[in-house]
Amino acid sequence: MSHIGYRILHTSDWHLGNTLHDHSRIEEYRSFFEELKKILVQNEVDALLVSGDIFDTGAPSNAALELYYSFLTSLNGTCCKNVVVTAGNHDSPSTLNTSRSLLELLNVRVVATPDAANQFKNEVFALPNEEAPQVIVCAAPYLRDASLQASLGSEKFETDEQFVRAGTKAHFEKLQKLALELREKLGKNLPIVAMAHLYAAGASPSDNADDTEYSIVGNLENVNSEIFPPVFDYVALGHIHRPQKVAGEDRIRYSGSPLPMGFDEARSQSEVLLVNFEPGVAPVVRPIGLNLPRKLVTISGTDLSEIREKIARQDRETPGAWVRVQFTGAGSVGSLRENLADDFDRTSLELVQAEYVARVDNSRATLTEERDLSEFSPTEVFERRMESVETKMGFDQDPELKIRVEQAFQEILKSVQEGMVD
């Protein structure tokens with residue numbers, strides 16, 4: 001049965017190729033794509049919008065690429081006639097652009113790089129096409145420094161924060177102007193949808209954002225949601241892994257990541273967002289929850305006997321789950337992995353992460369995790385090193401110096417990450 005109006009499905013932050021402490025998640029992604037295709041078909045979705053961070057790294061594995069291409073080709077012949085993919089800060093524009101022309105044959109439009117030379121016209125288009133337009137899309141990829149400067153022209157700013165905010169605002173003003181011109185050209189009062197990969201002020205990052213590079217790389221400075229004026233009937237955001245509205249507005253949304261990127265994200269509901277456009281009325285947004293193929297659970301206890309009891313109970317409640325064990329008692333019992341190996345062998349659970357959690361005051365905890373250096377994120381290594389040299393560097397006497405060092409690290413890491421994916 002056909003539906004009235006035009007339907008899009010908003011998702012983002014797939015992070016294909018993501019591993020959890022060297023554990024492959026390929027099967028989880030296969031399950032997600034099977035469910036996503038069912039959602040598209042069952043809800044008669046016309047277009048799928050994916051707002052950045054398609055891959056977890058700028059150089060995705062063959063397995064991650066195979067997932068991407070297999071899913072997109074599987075949509076051929078379904079009700080979903082159009083797909084729009086934008087690049088996020090984790091994506092390599094060149095990797096996404098490699099298959100852009102080929103994917104266009106399947107009505108998959110990839111926007112990986114703002115085309116400043118042509119006034120960013122590659123980011124604004126009608127769906128399904130200009131011959132029978134239903135919506136206008138302003139598909140902005142992650143805006144790197146060169147794109148922000150191109151939007152600003154010769155204007156300069158004293159701080160990186162001012163530069164990012166002003167450049168992002170200027171970019172979306174240009175897209176808004178192009179969209180309104182296109183709407184006038186087409187002669188129809190079409191709804192306008194914006195796509196963006198950024199950190200909007202007021203959004204709540206994931207619980208573990210301070211412990212991962214996700215809080216550092218990608219627009220470090222948040223931008224005000226006022227850059228999305230009411231002319232944008234819906235704003236499909238990516239970058240923050242927790243699904244949410246921005247500034248309480250139904251029309252400005254993060255879909256969140258379909259899979260939790262770590263144990264501290266496991267408490268968030270994973271979902272995609274179905275948006276229905278009908279003439280003369282505001283779009284209706286309906287979240288659709290996803291069935292995660294594997295649970296990530298945390299088991300904590302002050303002694304081994306308490307942890308062992310919880311392991312047995314967890315096996316009955318969530319068989320097959322991946323587990324993080326946190327020892328919260330005083331002192332040490334040696335290797336948690338060795339002490340608990342037999343307990344996990346008797347279950348369907350898998351121990352993925354083990355750590356000591358020692359409370360040092362009312363607001364802070366120290367973690368000692370059983371993993372080698374290669375498993376730490378760059379941010380974690382930096383923070384641990386900062387803690388070890390605080391007194392030597394005089395940070396306790398000069399807090400401003402510490403802030404300047406942290407800011408310098410963030411700028412360097414951002415430059416390195418962007419250099420790796422360009």
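Return the subset of Lys169/Lys245; Lys121/Lys177; Lys121/Lys169; Lys37/Lys81; Lys81/Lys295; Lys121/Lys185 for which the Cα-Cα distance in this structure is over 22 Å, preserving the input order. In this structure, Lys81/Lys295 exceed 22 Å between Cα atoms. Between Arg384 and Asp250, the modelled labels are 4.8 nm apart [label points 7 Å from Cα along Cα→Cβ].
If I stretch the segment between Ala117 and Glu350 completely, what's the gain in nm (0.36 nm per residue apart, minus their alpha carbon distance), one decimal?
78.7 nm
No solvent, one uniform scatterer per C-alpha: report log10 I(q)/I(0) for the range 1-54 via the Debye equation at q = 0.24, 0.27, 0.29 1/Å, two decimals. Treating every Cα as an identical point scatterer, log10 I(q)/I(0) equals -0.98, -1.11, -1.17.
For the peptides 271-278, 30-37, 225-232, the ranking by packing is 271-278, 30-37, 225-232, with the highest mean count of neighbouring Cβ atoms within 10 Å listed first. With R₀ fixed at 41 Å, the C-beta to C-beta distance from Thr298 to Ser94 puts the FRET efficiency at about 0.60.
Size descriptors for the range 6-289, from the alpha-carbon set: Rg then Dmax equal 17.6, 54 Å. Extending 7 Å from Cα along the Cβ direction at Ser101 and again at Ser332 yields two label points whose distance is 5.9 nm. With Cα atoms as the point set, the range 1-132 shows a radius of gyration and Dmax of 15.1, 49 Å.
Read-outs: derived from the displayed coordinates by stated rules, not from any lab. In this text, all values refer to a predicted model and were calculated from it rather than measured experimentally. Note that each Cβ is placed from the backbone with ideal geometry, even for glycine, and that neighbours are counted across all protein chains shown.
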